[in-house]
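Where a number appears in this text, it was derived from the coordinates with a stated rule and is not lab data. What you see is a predicted model; the values in this text were computed from it and never measured. Here Cβ is always computed from backbone atoms with ideal geometry, including for glycine, and neighbour counts include all displayed protein chains.
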Amino acid sequence: MTKWFCAMALAVLSVDAAQAADVCKAIALRDVAAIESPSSMLAKGQYDTAVTQYRVETATGDDSICSHGGYCYPMHVTIGGKRVEALRLTNCKPGTKAYAFEEGMKTYELDVIRSAVPARDLRYDDLDNKLLSMGLCSACAGNVAMMYLERPQSKCAAVTRKALEGDPAALEALQGDPGFCTYRR
């Protein structure tokens, strides 16, 4: 149990808050269309999940958020000549450092407001991000994190503990997407 706690603490403490963005979400304050596909709408009250980026167009100041595997949506829209808030981040905020991802656009990672996220979700997201930083593929990291947290007595959890403690053979096994780490409900 002590080794498990130490491994989990190591995983949580070595993840940068700005990385833990898949847990971020925004709520639509009004119906809002995706930038890339106006037919894809978020309805008022609907959440956009797995938000990973906050973007600002340098020429106009128009801001938007983008989701992992999803679309980008404007944070503000113009209604009756007035700029009004369309989306609001609920548990994250834009980071302070911008990077150039596209020309004419400043892109910011998101910082999690940890007090606004349930502890269970933070544990999963922190571990998932730690596993990604260790070289696991996205789906692999998600499977391993779920197995580690939901089935701590499993072979996958045992190998994961060893990898988190620095065992290179265990890490190599996890990077190979082993079948014993496929999470099934």
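Using Cα-Cα distances under 8 Å and only pairs 6 or more residues apart, what relative contact order does the chain have, in percent?
In percent, rounded to a whole number, it is 20.
Testing the spin-label approximation: label points 7 Å from Cα along Cα→Cβ at Lys155 and Lys97. State their distance in nm.
Going by the 7 Å Cα→Cβ label model, 4.0 nm.
Just to be sure I follow: if Rg is taken over the C-alpha atoms of the chain and Rh is the Kirkwood radius over the same atoms, what is Rg/Rh?
Expressed as Rg/Rh, it is 1.05.
Could you name the lysines whose alpha carbon sits less than 27 Å from that of Lys155, not counting residues in the same chain fewer than 8 places away?
Excluding near neighbours in sequence, the set is Lys3, Lys130.
Under the Kirkwood approximation for Rh and a Cα-based Rg, what ratio Rg/Rh is obtained for the stretch 43-129?
0.99
When the helix-only estimate is applied to the chain (DSSP H runs of n ≥ 4, each -39,500 (n - 2.57), divided by the residue count), what is the mean residue ellipticity at 222 nm, nearest 500 deg cm²/dmol?
That comes out to -9500 deg cm²/dmol.
Using only the alpha carbons, work out the radius of gyration and Dmax of the stretch 84-124 in angstrom.
13.2, 38
What is the distance, in nm, between label points placed 7 Å from the Cα along the Cα-to-Cβ direction at Ile27 and at Glu57?
2.8 nm
Would you list, by chain and number, the lysines whose Cα falls below 21 Å from the Cα of Lys82, excluding same-chain residues fewer than 8 positions away?
Lys44
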